[in-house]
1. Report the net charge of residues surrounding residue 181, where surrounding means a beta-carbon distance below 15 angstrom and charges are Lys +1, Arg +1, Asp -1, Glu -1.
2. Sort by residue number and name the cysteines in the chain that have no neighbouring cysteine Cβ under 4.7 Å.
3. Can you tell me the dipole magnitude for the chain around its Cα centre, using point charges on the Cβ only (Lys, Arg +1; Asp, Glu -1), in Debye to the nearest 20?
4. Go ahead and set up a Gaussian network model of the chain, Cα springs under 10 Å, then flag whichever of 146, 196, 231 fluctuates most.
5. Hand me the GluC sites (Glu not before Pro) from the range 123-211 located in a DSSP loop with no more than 11 other Cβ atoms within 10 Å, in residue order please.
6. Accessible area per residue for the range 99-221 in Å², computed with a 1.4 Å probe and the full protein assembly in place, what is it?
7. What are the ³J(HN,Hα) couplings of the range 160-165, residue after residue, when phi is run through the Karplus curve with 6.51, -1.76, 1.60 and θ = phi - 60°? Round to Hz, x for glycine and proline.
8. From the helices alone, meaning DSSP H stretches of at least four residues, give me the mean residue ellipticity at 222 nm for the chain, per-run term -39500 (n - 2.57), in deg cm²/dmol to the nearest 500.
Amino acid sequence: METKPVITCLKTLLIVYSFVFWITGAILLAVGVWGKLMLGPYISLIADNSTNAPYVLIGTGTVIIVFGLFGCFATCRGSPWMLKLYAMFLSLVFLAELVAGISGFVFRHEIKGTFRRTYSDAVLNYNAEDEASRAVDNLQHKLRCCGVYNYTSWFASVYYPSNGIPASCCFNSSDCNPEDLRNATVAPSKVFHQGCFELVTSFMETNMAIIAGVTFGIAFSQLIGMLLACCLSRIITANQYEMV
């Protein structure tokens with residue numbers, strides 16, 4: 001099977017794979033930039049401290065783009081050592097994605113606990129002005145929820161005594177005034193009753209299997225590239241074939 005047609009076929013497959021790999025890197029880079037620009041406030045509600053997740057995605061995407069181009073160059077050049085280096089990089093990406101996927105699944109309960117703690121702190125210290133407060137407002141408005149477990153979470157906040165429940169909890173903004181929101185008897189009829197913590201964690205639990213499947217699927221796709229690169233390198237070395 002170690003013939004020129006086989007090598008040409010492997011070369012074509014590896015170039016196509018490297019291009020797809022490059023596209024994956026571009027997507028990760030775009031998601032990282034989008035996450036930094038658009039999801040910064042929301043991420044602050046999930047992590048105790050400022051998280052570097054967007055920067056990790058940006059860095060990973062950039063590296064994948066570079067090595068995707070390197071894979072195409074190594075394949076066209078037909079250099080065995082370059083192909084082996086490319087296969088080694090793919091193995092490192094495979095291990096990193098595998099560890100990330102397993103860690104996310106194993107520590108999902110810790111992630112939920114961290115979200116509950118940080119979101120509770122954001123509610124208790126809400127002032128309607130800082131970044132965390134704006135993130136709380138956006139989350140409540142878009143998910144149609146109120147407070148951590150329900151609207152009563154706001155009764156313990158520093159904001160409630162003078163301002164009442166935030167207007168972002170109202171299910172009808174035109175029928176929701178500050179006086180009603182400060183009235184513990186009237187406010188329940190004006191605001192959402194479901195807590196945001198339950199909505200977010202339910203979404204996480206429902207989609208955990210899908211997220212894990214996609215993560216592991218992407219990780220194991222690296223094995224295809226590793227196999228193609230190693231096979232092409234071995235065949236070129238064995239036949240002393242010079243790519244054109």
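1. Values: positive: 182, 190; negative: 137, 175, 179, 180.
Once positives and negatives cancel, what remains is -2.
2. Lacking a cysteine Cβ partner under 4.7 Å: 9, 72, 76, 230, 231.
3. Details: 15 positive and 15 negative charges, 163 e Å.
So the dipole magnitude of the chain works out to roughly 780 debye.
4. Among 146, 196, 231, the largest mean-square fluctuation in the Gaussian network model of the chain belongs to 231.
5. Values: sites: 129, 131, 179, 198, 205; in loops: 129.
Sites meeting the loop and neighbour criteria: 129.
6. Values: 6650 Å² over 123 residues.
Value returned for the range 99-221: 54 Å² of accessible area per residue.
7. Once rounded to whole Hz, the list reads 5, x, 9, 10, x, 6.
8. Numbers: 9 runs with 177 residues, N = 244.
After summing the helix terms and dividing by residue count, I get -25000 deg cm²/dmol.
The values are calculated or read from the model by the stated rules, or taken from the named source; none is laboratory data. Being a predicted model, the structure only gives us computed values, none of them experimental. Positions of Cβ are backbone-derived with ideal geometry, glycine not excepted, and every protein chain shown enters the neighbour counts. Ligands, DNA and RNA are stripped out before the accessible areas are found, and what is left, the full protein with its side chains, is counted by its heavy atoms. Shrake-Rupley method; radii C 1.70, N 1.55, O 1.52, S 1.80 Å.
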